[in-house]
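Participant: Dropping a structure here in structure tokens format, bear with me for questions.
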Amino acid sequence: MRDFSHLSWVFGYGSLMWNPGFYFLEQEPAELKGYHRKLCMYSHYHRGTRGSPGLVLGLDKGGTCSGIAFRIPRENWPSIIKYLNERELVDNYAYVPASLKVNLASGPISAYTFIADTRHPNYARKLSIDEIVKIIGNAKGAGGDNLDYLREVVNKLKALGKPDPELNLILQHLQ
């Protein structure tokens, strides 16, 4: 695995935005260009099971993604990266850790984040809204209901003033 010890920021675009689970010095709204947020990763643990997988967000190529950047204390970096890897890299490493440039109000920074591995079997290729709605409406995992995950992300993006029209539409279909 690559060495990310030179970084001091983590970029969250899904559950990390509302449930980081780690200590940070500050958080700032951030924007990532070149990737977009997409319900494209089957979850067999956090938001689903092997028998009834859920769908969680991944970063997929193209577009722009709003999220939150968290500045991490240098001395906590190793333990926070270990925690994030244990949290996000379950299910046979369906994500790829990466250092990507994100933009803060004060300028660009490099941040640790996870992109979708499009070659992984847990990568959900083209799903219709009806298929996504059916999956999310029926899935529950160790982290709770898949629908609750979607609600939390939609609510956090709304609070940031950066609503995601596709996620809003999916949530409307589920209510």
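Participant: When the helix-only estimate is applied to the chain (DSSP H runs of n ≥ 4, each -39,500 (n - 2.57), divided by the residue count), what is the mean residue ellipticity at 222 nm, nearest 500 deg cm²/dmol? Working shown, then result.
Facilitator: Numbers: 6 runs with 54 residues, N = 175.
Only helices count here, giving -8500 deg cm²/dmol.
Participant: If each of residue 152 and residue 82 carries a label point 7 Å out from its Cα toward its Cβ, how far apart are those two points in nm?
Facilitator: Reported label-point gap for residue 152 and residue 82 is 2.4 nm.
Participant: If you filter the stretch 34-133 for GluC sites (Glu not before Pro), then keep DSSP loop positions with at most 11 other Cβ within 10 Å, what is left?
Facilitator: none
Participant: Give me the net charge of residue 59's neighbourhood, meaning all other residues with Cβ under 9 Å from the Cβ of residue 59; Lys, Arg count +1, Asp, Glu -1.
Facilitator: Neighbourhood net charge equals +2.
Participant: Across the Cα atoms of the stretch 5-139, what radius of gyration and what greatest pairwise Cα-Cα distance (Dmax) are found, in Å?
Facilitator: Spelled out, the Cα radius of gyration and Dmax of the stretch 5-139 are 14.9, 46 Å.
Participant: OK, next. DSSP loop trypsin sites (Lys or Arg not before Pro) in the stretch 1-54 with at most 15 other Cβ atoms within 10 Å of their Cβ, which ones?
Facilitator: 2, 50
Participant: Moving on. Run the count for the chain, please: Lys pairs, Cα-Cα under 22 angstrom, 8 or more apart or on different chains.
Facilitator: Lysine pair count for the chain: 23.
Participant: Considering only 153, 102, 90, give the residue with the highest GNM mean-square fluctuation for the chain, with springs between Cα atoms whenever their separation is below 10 Å.
Facilitator: Answer for the Gaussian network model of the chain: 90.
Read the figures in this text as sums done on the coordinates, not as results from a lab. None of these values were measured; they are calculated from a predicted model. Note that each Cβ is placed from the backbone with ideal geometry, even for glycine, and that neighbours are counted across all protein chains shown.
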